[in-house]
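Peer 1: My questions will all concern the structure given below.
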Amino acid sequence: MDLQSVVGRTMHSAWEILHRDGTPAEVQVTFSAGSCLAFTVWTDWSLCAELRAPGLPDYLWPPADFTWRKLPVALSEIVRAKELFDEAGVLSGAELESHGALIAVRSYGGELVVTWTSA
């Protein structure tokens, strides 16, 4: 997916979906229009970014094994979206910047790494 398609959209909320051990399984940035941008790491260690309906996806099963944690970021219009690629040209990271906030996700060693800043 081309992340530039989310520039100009207004974030409604941002969530980490966590495994039982507290490690991130997915990040969802929901938009005012009702869709979400979801980030997860596939088994080949690549970062996947997909625009879809919010909610727990089928591949995170069973639902009782996951918890949701709201990211404390300032929610506003996305002004910059950046894709980061590894040396093989595979998506390995992404950054979403809004007015006063930055959400960054990366695939590192097959794990999803999430960082954020908020105004």
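The values are calculated or read from the model by the stated rules, or taken from the named source; none is laboratory data. Just so you know, these numbers come straight off a predicted model, no measurement behind them. Using ideal geometry, Cβ is built from the backbone for each residue, glycine included, and neighbour counts are taken over all protein chains shown. Note: accessible area is taken over every heavy atom of the protein model, side chains too, but ligands, DNA and RNA are not part of it. Shrake-Rupley method; radii C 1.70, N 1.55, O 1.52, S 1.80 Å.
Peer 1: Filter the stretch 51-100 down to the residues that are hydroxyl-bearing (S, T, Y) and part of a loop (DSSP other than H, G, I, E, B), then identify the one that is nearest to S5 (Cα to Cα).
Peer 2: It comes out as S76.
Peer 1: Looking at (1) touching a residue at least 12 places away in the same chain (Cβ under 8 Å); (2) open to solvent by 60 Å² or more (accessible area, probe 1.4 Å); (3) over 13 Å from the mean Cα position of the chain (by Cα), which is the one condition that is false for A88?
Peer 2: (1)
Peer 1: Restricting to the stretch 71-107, what's the tally of residues that are more than 22 Å from S46 (Cα to Cα) and hydroxyl-bearing (S, T, Y)?
Peer 2: 2
Peer 1: Can you list residue pairs whose Cβ atoms sit under 8 Å apart, with the first residue in the stretch 1-29 being within 16 Å of S76 (Cα to Cα) and of a type in the set (K, R) and the second being open to solvent by 10 Å² or more (accessible area, probe 1.4 Å) and part of a loop (DSSP other than H, G, I, E, B)? Count only pairs 6 or more apart in sequence or on different chains.
Peer 2: These pairs meet every condition: R9/S32; R9/A33.
Peer 1: Please determine, by comparing only the residues of the stretch 33-80 that are over 15 Å from W15 (Cβ atoms), among the polar types (S, T, N, Q) and open to solvent by less than 60 Å² (accessible area, probe 1.4 Å), which one is modelled with the highest pLDDT.
Peer 2: S46
Peer 1: Now for a different question. Just checking, how many residues over the stretch 14-24 are open to solvent by 10 Å² or more (accessible area, probe 1.4 Å) and either closer than 15 Å to R52 by Cβ or of a type in the set (A, V, I, L, M, F, W, C) (or both)?
Peer 2: 2
Peer 1: In addition: Just to be sure I understand, how many residues within the stretch 24-58 are in contact with a Cys (Cβ under 9 Å, 6 or more places away or on another chain), at negative phi and among the small types (G, A, S)?
Peer 2: Going through the stretch 24-58 one residue at a time, the tally reaches 2.
Peer 1: In the stretch 1-13, how many residues are in a strand (DSSP E or B) and surrounded by 18 or more Cβ atoms within 10 Å (Cβ to Cβ)?
Peer 2: Residues in the stretch 1-13 being in a strand (DSSP E or B) and surrounded by 18 or more Cβ atoms within 10 Å (Cβ to Cβ): 1 in total.
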